[in-house]
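J.: Handing you a structure now.
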């Protein structure tokens, strides 16, 4: 099957593609390197899944999100398509098996976490894989100028060197023009088009050609953005939830706050629950499912929630605390109203939020001395001798670590991030490795065993009925699924699996659900530790500027919020949305005829003879309220007396 529309209908049941999907797919089918910017929930995965199915061979998908990889593999397999995933925390035997089967079967998708790409084991099997496309999800992670730089992503370029003729599709929900350019350079995209002239230069690097870039419009006409300065956030949240019916997400900056706000909402008889990365996997799954199925109306969560969840009927996304950058805010707020109906993205803030944003840069970028102290403490905590540890994965209870070494939690977290970005280690707070089972007893031995241990017969038959290939390899299983088949509770199921393991009938590995610290290099003496401080300080300055943009967004009372977000990501084509709080405020501004004539005259005389940026124009209109000035500017534009270009420069028509 090679027709992309036929593939879409056969596997997904859709008759047509969403906006931009077809163009991206056709670009990939033509062999072009392609960068695609689509909001979360916009259908990015179809952009590589459809062309991979239309071509001979296998698609290599690079993704940093283990939970998302697992979900993608499960969803693809449900469609009868062969797919595997390889990520940190897997045993060597499991990795070898996945690589062997991928290379020697009709496997169409192999999901790989970026740190696995450079391992000798992966490189050994790479030449035998018939790869037809390399898809890079969360592609902004490759840029140190982005908001979530992960150095392991830089290893993707070495795959391009070994597969020079295989197209790369890079996917991200949000990337500034600077980051877009950096993605293209770091992934060594081949020249298929020119760099947009508006793309800012990146310090210390030469310009290079850019690939085809597809960017979905940032316009969300059904999403009403607003920001409110409030004295009591919980009162405002209750007011919003009372006025706007339907499903809601409330984002908080700390785990403790998620529980507090959820409990306060419950006291008001508002159905709610809380969610964060510190909960065990089963609990996270249950809370998530209850919310998706509308058993719970409101989920109060940290930003650990939402990735890969496609719930179209969310009516409100409320930020109870200010996010640290517009990238995160745009992704999180954008989870509202995906069904096209009216929805609200509300940001609540107070003076303390603004002060914290101002001070956040110093907190996020600890001193080199702090980083060294944390490195030493980690080595002691895990008891790693100097000269060892490379390639090893360790259970790492960060709360216990902080308590034992009496360290500041923020200093620890961001020192680990600095060590990760410099290639010393990788820390993952949300590692989930599912339970696996493989039958190690032969079929004759199994028959004899069932005669003697009839009480375990139902467990054996349920495993054989539910999971294919369970004699040949370790297969991921779900104890929860087995509860339905065996008509027993989860604890009874686990106990029977353990008994079968003890009898030597199966190899049973219970699920792993603990934070993992992975050493990328051998442990060295702390006094020999080095960090690229030049790059570190550049990232620090970049972060400071992102915080500044977030503060500007919060404080702004005249500019259209949709336009502000779009411009930040390099899209200057949007008209004012007319529905955000600032646009509504402008519409309500009353102007007398005399005021209008006076402001009209001042605008025309100020911008003559040449173009002037709107920010400079507003500054020169001394003593005139910005809201009134904008109202006159909009009128003059509508009457074609003045014009404004995509960069915000105004001139007489």
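The values are calculated or read from the model by the stated rules, or taken from the named source; none is laboratory data. These numbers were taken from a predicted model, which means no experiment stands behind them. When we count neighbours, we look across all protein chains shown, and the Cβ atoms used for this are built from the backbone with ideal geometry, even at glycine.
J.: Applying the selection to region 507-536, what residues are in a helix (DSSP H, G or I) and under 24 Å from the mean Cα position of the chain (by Cα)?
T.: Hits for region 507-536 are 535, 536.
J.: Can you name the condition, by its number, that residue 579 falls short on among (1) at pLDDT 90 or above; (2) part of a helix (DSSP H, G or I); (3) surrounded by 16 or more Cβ atoms within 10 Å (Cβ to Cβ)?
T.: (2)
J.: Could I ask something else about it? Count, please, the residues in region 600-610 that happen to be surrounded by fewer than 17 Cβ atoms within 10 Å (Cβ to Cβ) and closer than 19 Å to residue 559 by Cβ.
T.: Summing the residues that are surrounded by fewer than 17 Cβ atoms within 10 Å (Cβ to Cβ) and closer than 19 Å to residue 559 by Cβ in region 600-610 gives 1.
J.: All but one of (1) surrounded by fewer than 20 Cβ atoms within 10 Å (Cβ to Cβ); (2) under 30 Å from residue 346 (Cα atoms); (3) out of contact with any helix residue (DSSP H, G or I) (no Cβ under 7 Å at 6 or more places or on another chain) hold for residue 597, so report the exception by its number.
T.: Status for residue 597: all satisfied but (2).
J.: Next question. Return the pair list, or none, for Cβ contacts closer than 6 Å from residues in region 10-27 that are within 21 Å of residue 78 (Cα to Cα) to residues that are in a helix (DSSP H, G or I) and modelled with pLDDT of 90 or more, at least 6 apart or on different chains.
T.: If the second residue must be in a helix (DSSP H, G or I) and modelled with pLDDT of 90 or more, the pairs left are 14/8.
J.: Applying the selection to region 137-169, what residues are farther than 18 Å from residue 55 by Cα, in contact with a strand residue (DSSP E or B) (Cβ under 6 Å, 6 or more places away or on another chain) and not in a helix (DSSP H, G or I)?
T.: Listed by number, the list holds a single entry, 137.
J.: Same structure, new question: Before we move on, is residue 333 buried (at least 17 other Cβ atoms within 10 Å of the Cβ) and either within 26 Å of residue 116 (Cβ to Cβ) or not assigned by TED's automatic domain parsing to the domain that holds residue 304 (or both)?
T.: no
J.: Let me ask another. Mind checking which residues of region 413-471 are free of Cβ contacts under 8 Å to residues at least 60 places away in the same chain, out of contact with any helix residue (DSSP H, G or I) (no Cβ under 7 Å at 6 or more places or on another chain) and under 30 Å from residue 142 (Cα atoms)?
T.: Result: 413, 417.
J.: Considering each residue of region 613-632, count those that are under 20 Å from residue 566 (Cα atoms) and in contact with a strand residue (DSSP E or B) (Cβ under 9 Å, 6 or more places away or on another chain), and give that number.
T.: 2
Conditions (1) surrounded by 16 or more Cβ atoms within 10 Å (Cβ to Cβ); (2) assigned by TED's automatic domain parsing to the domain that holds residue 447, marked per residue:
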| residue | (1), (2) |
| --- | --- |
| 500 | yes, yes |
| 503 | no, yes |
| 520 | yes, no |
| 527 | no, no |
| 534 | no, no |
| 548 | no, no |
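J.: Among the residues that make up region 245-261, is at least one of them part of a loop (DSSP other than H, G, I, E, B), at pLDDT 95 or above, more than 19 Å from residue 306 (Cβ to Cβ) and over 27 Å from the mean Cα position of the chain (by Cα)?
T.: Yes, some residue in region 245-261 is part of a loop (DSSP other than H, G, I, E, B), at pLDDT 95 or above, more than 19 Å from residue 306 (Cβ to Cβ) and over 27 Å from the mean Cα position of the chain (by Cα).
J.: Of all residues in region 381-402, how many are part of a helix (DSSP H, G or I) and surrounded by fewer than 13 Cβ atoms within 10 Å (Cβ to Cβ)?
T.: 2
J.: Same structure, new question: For residues that are in contact (Cβ under 8 Å) with a residue 40 or more places away in the chain and within 19 Å of residue 275 (Cα to Cα), tally how many sit in region 235-258.
T.: 14
J.: So, one more: Mind counting the residues in region 146-166 that are more than 15 Å from residue 118 (Cα to Cα) and surrounded by fewer than 23 Cβ atoms within 10 Å (Cβ to Cβ)?
T.: 6
J.: For region 505-518, name all the residues that are crowded, with 16+ Cβ neighbours inside 10 Å and at pLDDT 90 or above.
T.: Hits for region 505-518 are 505, 506, 508.
J.: Pick out the one residue from 32, 75, 106 that is outside any loop (DSSP other than H, G, I, E, B) and either in contact (Cβ under 8 Å) with a residue 12 or more places away in the chain or farther than 22 Å from residue 216 by Cα (or both).
T.: Testing whether each residue is outside any loop (DSSP other than H, G, I, E, B) and either in contact (Cβ under 8 Å) with a residue 12 or more places away in the chain or farther than 22 Å from residue 216 by Cα (or both) leaves just 75.
J.: With (1) in a loop (DSSP other than H, G, I, E, B); (2) under 26 Å from residue 115 (Cα atoms); (3) within 23 Å of the chain's Cα centre (by Cα) as the list, and residue 81 as the residue in question, which single condition is left unmet?
T.: Residue 81 satisfies all of (1) in a loop (DSSP other than H, G, I, E, B); (2) under 26 Å from residue 115 (Cα atoms); (3) within 23 Å of the chain's Cα centre (by Cα) except (3).
J.: Hey, among 290, 310, 282, which residue is over 26 Å from residue 140 (Cα atoms), surrounded by fewer than 17 Cβ atoms within 10 Å (Cβ to Cβ) and in contact (Cβ under 8 Å) with a residue 24 or more places away in the chain?
T.: 282
J.: Scan region 336-354 residue by residue and report those that are farther than 18 Å from residue 323 by Cβ and under 21 Å from the mean Cα position of the chain (by Cα).
T.: 337, 338, 339 - these are the residues of region 336-354 that are farther than 18 Å from residue 323 by Cβ and under 21 Å from the mean Cα position of the chain (by Cα).
J.: Among the listed residues 604, 565, which satisfies the condition of being within 30 Å of residue 180 (Cα to Cα) and not in a loop (DSSP other than H, G, I, E, B)?
T.: On inspection, the qualifying residue turns out to be 565.
J.: Can you tell me which residues in region 110-124 are within 20 Å of the chain's Cα centre (by Cα) and not in a loop (DSSP other than H, G, I, E, B)?
T.: Listed by number, the residues that qualify are 110, 111, 112, 114, 115, 116.
J.: If you don't mind, another one. Is it true that residue 369 is outside the structural domain of residue 64 (by TED's automatic domain parsing), without any contact (Cβ under 8 Å) to a residue 40 or more places away in the chain, part of a helix (DSSP H, G or I) and within 23 Å of residue 148 (Cβ to Cβ)?
T.: So residue 369 does not fit the description; no.
J.: Failed condition for residue 364, given (1) farther than 17 Å from residue 253 by Cβ; (2) outside the structural domain of residue 238 (by TED's automatic domain parsing); (3) crowded, with 16+ Cβ neighbours inside 10 Å, with all others met?
T.: In the conditions (1) farther than 17 Å from residue 253 by Cβ; (2) outside the structural domain of residue 238 (by TED's automatic domain parsing); (3) crowded, with 16+ Cβ neighbours inside 10 Å, residue 364 misses (1) alone.
J.: Please go through region 450-465 and give me each residue that is surrounded by fewer than 17 Cβ atoms within 10 Å (Cβ to Cβ) and under 23 Å from residue 94 (Cα atoms), ordered by number.
T.: 464, 465
J.: Residue by residue through region 83-117, note down the ones that are in contact with a helix residue (DSSP H, G or I) (Cβ under 9 Å, 6 or more places away or on another chain), surrounded by fewer than 16 Cβ atoms within 10 Å (Cβ to Cβ) and within 28 Å of residue 27 (Cα to Cα).
T.: Selection gives nothing.
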